1. Would you mind telling me which numbered condition in (1) under 23 Å from SER166 (Cβ atoms); (2) touching a strand residue (DSSP E or B) at 6+ places or on another chain (Cβ under 9 Å) GLU141 fails?
2. Could you grab me the full set of residues in region 110-139 that are in contact (Cβ under 8 Å) with a residue 40 or more places away in the chain, part of a loop (DSSP other than H, G, I, E, B), of a type in the set (A, V, I, L, M, F, W, C) and over 16 Å from SER16 (Cβ atoms)?
3. Is it true that PRO177 is surrounded by 18 or more Cβ atoms within 10 Å (Cβ to Cβ) and outside any strand (DSSP E or B)?
4. Anything in region 149-164 that is in contact with a Lys or Arg (Cβ under 8 Å, 6 or more places away or on another chain) and within 26 Å of VAL76 (Cα to Cα)? List them, or say none.
5. Quick check on this structure: which one of GLU136, GLU126 is closer than 21 Å to ASN241 by Cβ and out of contact with any Gly (no Cβ under 7 Å at 6 or more places or on another chain)?
6. Report the residue count in region 140-162 for those that are open to solvent by 40 Å² or more (accessible area, probe 1.4 Å) and either among the polar types (S, T, N, Q) or not in a helix (DSSP H, G or I) (or both).
7. Just checking, which of SER368, SER330 is at pLDDT 70 or above and among the polar types (S, T, N, Q)?
8. Taking CYS198 as meeting all but one of (1) closer than 24 Å to ILE67 by Cα; (2) in a helix (DSSP H, G or I), write down the number of the exception.
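The values are calculated or read from the model by the stated rules, or taken from the named source; none is laboratory data. Predicted, not measured: the structure shown is a model, and the values here were computed from it. Backbone-built Cβ (ideal geometry, glycine too); neighbour counts: all protein chains shown. Side chains are part of the model used for accessible areas, which takes the heavy atoms of the whole protein and leaves out ligands, DNA and RNA. Shrake-Rupley method; radii C 1.70, N 1.55, O 1.52, S 1.80 Å.
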Amino acid sequence: YTILSKVHSDRNVYPSAGVLFVHVLEREYFKGEFPPYPKPGEISNDPITFNTNLMGYPDRPGWLRYIQRTPYSDGVLYGSPTVENVGKPTIIEITAYNRRTFETARHNLIINIMSAEDFPLPYQAEFFIRNMNVEEMLASEVLGDFLGAVKNVWQPERLNAINITSALDRGGRVPLPINDMKEGVYVMVGADVPFSSCLREVENPQNQLRCSQEMEPVITCDKKFRTQFHIDWCKISLVDNTKQVSTFQEVIRGEGILPDGGEYKPPSDTLKSRDYYSDFLITLAVPSAIALVLFLILAYIMCCRREGVEKRNMQTPDIQLVHHSAIQKSTKELRDMSKNREIAWPLSTLPVFHPVTGELVPPLHTDSYDNTSMPLMQTQQNLPHQTQIPQQQSAGQY
């Protein structure tokens with residue numbers, strides 16, 4: 001079902017186009033290449049990471065992916081080779097980094113893609129497995145168990161694993177850091193026989209309705225996967241390449257020569273002089289004349305068409321004129337008072353005669369007194385010239 005190889009120096013591998021290719025980068029192979037070597041009896045467990053790229057380029061080919069969860073786990077190269085690369089050797093540079101000693105080791109992996117006789121398989125199904133991560137699914141025994149379960153419900157003569165894709169590469173979210181929470185993985189398989197009735201059950205209207213309501217569809221063969229693989233049947237994709245109509249249209253290519261437009265005639269070197277006086281008059285004189293006419297019309301309306309104050313007063317009722325005159329007079333008086341702060345005191349503050357003695361009593365405050373802090377009302381105890389009224393005495397005192 002898959003090609004699995006261990007890492008060696010300048011190793012040649014021969015995957016087939018359209019069939020899943022898996023290559024494991026084992027840490028154990030590189031442990032002996034990073035000095036200093038461990039002492040006898042000690043176990044070296046240095047953190048090692050890998051960098052993979054196409055020779056002469058900073059990244060890998062588009063069909064090849066790489067994953068390594070931690071520096072203490074093996075790296076895995078996986079992908080599905082394409083037909084375009086058949087017969088062209090692909091050299092992958094593998095650089096191992098020892099994160100403890102900062103030493104590096106480099107090896108070359110030569111991938112020789114070969115054409116498959118039964119490629120492409122016409123019937124392809126893509127399953128979404130929720131309880132698996134991509135590196136778990138890439139293990140040969142796990143992938144073999146899954147293909148065995150698919151073969152049980154499909155019964156094909158030839159069955160190949162075409163591709164494996166992590167759900168994160170399809171826009172999925174990173175799972176919560178909880179036990180048994182997996183990111184999910186898409187597995188595409190191909191066969192040479194039509195889809196079985198069990199796989200066709202996902203296309204029933206009842207199951208489509210349940211999927212639209214985010215409910216689990218009823219699939220009769222789900223129990224054959226449920227023991228090890230939890231498949232999301234709402235995300236299964238069935239592709240029948242035998243029914244797909246080719247949309248390729250033949251492109252009619254021309255000769256690549258533009259039609260003859262005659263001989264090119266460049267402009268003459270001697271240009272005639274041009275008089276711009278008329279253009280100047282049209283550009284400035286005409287707008288200026290229009291602006292002058294508009295100004296005269298506006299001046300006539302504003303200055304020569306005024307009715308005057310006398311005509312306005314004649315058309316206004318007398319009572320309204322009286323009210324208006326009174327308002328203007330009061331407003332003028334208030335404005336004059338606000339301009340002149342040295343005004344006479346109100347009558348309530350002028351000198352008065354003492355009610356008993358008849359003497360002239362001065363005002364309660366002088367002219368220079370600041371009345372801004374004076375209370376609005378004063379109690380009788382605060383009045384300095386208050387007249388004391390004699391109280392009646394009891395009869396025993398006379």
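1. Here GLU141 clears every test but (2).
2. Hits for region 110-139 are MET132, LEU138.
3. No.
4. Across region 149-164, the qualifying residues are ALA149, LEU159.
5. GLU126
6. Total meeting the criteria: 5.
7. SER330
8. Among (1) closer than 24 Å to ILE67 by Cα; (2) in a helix (DSSP H, G or I), the lone unmet condition for CYS198 is (1).
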